[in-house]
Structures are given as structure tokens and as C-alpha cells.
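Comments concern the structure below.
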Amino acid sequence: MKPSEYLAKLVASERKQEIMATHLIDEAALAAMERDDYEGFLQAREKRIMAALAAYLKV
């Protein structure tokens, strides 16, 4: 199943950003998922994860 199909089927559209944020998926990564852009998703999510780690480690 494509990411865009998964999102449409399993995640309520009115709570999509809220739910995805709990998995460190920001707006850029979510937009990539909706376009089925796997590379774009990985790049955007990597940035978000690295930012969360830096904040946690106070780097």
C-alpha cells in the first residue's frame, strides 16, 4: 500500500498532523508521504529526528 493510501485509509484527516507529530513526522515529511515521495519523507524525517535529538541533548 502506498503511503498516501495508508494515510487516507487509516488516519483521520482532521487529526493527521497531530497524530503524525507524535511519531516525529512534521509537515514536510507528511507532505512527502502524501506525494508518495519516499526519499523526501526520509530527508524531512531525518531533519526532524536530528532536531529532536539535539534539543534532548541540548547540543
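D for the chain, whole µm²/s, Stokes-Einstein with Kirkwood Rh over alpha-carbon pairs at 25 °C and 0.890 mPa s: what number?
Result for D is 207 µm²/s.
Ranked from highest to lowest mean number of other Cβ atoms within 10 Å per residue, what is the order of the peptides 24-33, 40-49?
For the peptides 24-33, 40-49, the packing ranking is 24-33, 40-49.
Under 19 Å from the Cα of Lys47, which aspartates and glutamates turn up, not counting those fewer than eight places away in the same chain?
Leaving aside aspartates and glutamates fewer than 8 places away in the same chain, those within reach of Lys47 are Glu18, Asp26, Glu27, Glu34, Asp36, Asp37, Glu39.
If you line up the long axis of helix 38-57 against the longest principal axis of the chain, both from Cα atoms, how many degrees apart are they, to the nearest 10?
So the helix axis and the longest Cα principal axis differ by about 30 degrees.
Rounded to whole Hz and in sequence order, give me ³J(HN,Hα) for the range 3-10 from the Karplus expression 6.51 cos²θ - 1.76 cosθ + 1.60, θ = phi - 60°, writing x for Gly and Pro.
x, 5, 5, 4, 4, 5, 7, 10
Placing unit charges on C-beta atoms (Lys and Arg positive, Asp and Glu negative, everything else neutral), compute the dipole magnitude of the chain about its Cα centre in debye, rounded to 20.
200 debye
Each reported figure results from applying straightforward, stated rules to the coordinates on display, with no laboratory input. These figures come from a predicted structure and were not determined experimentally. Backbone-built Cβ (ideal geometry, glycine too); neighbour counts: all protein chains shown.
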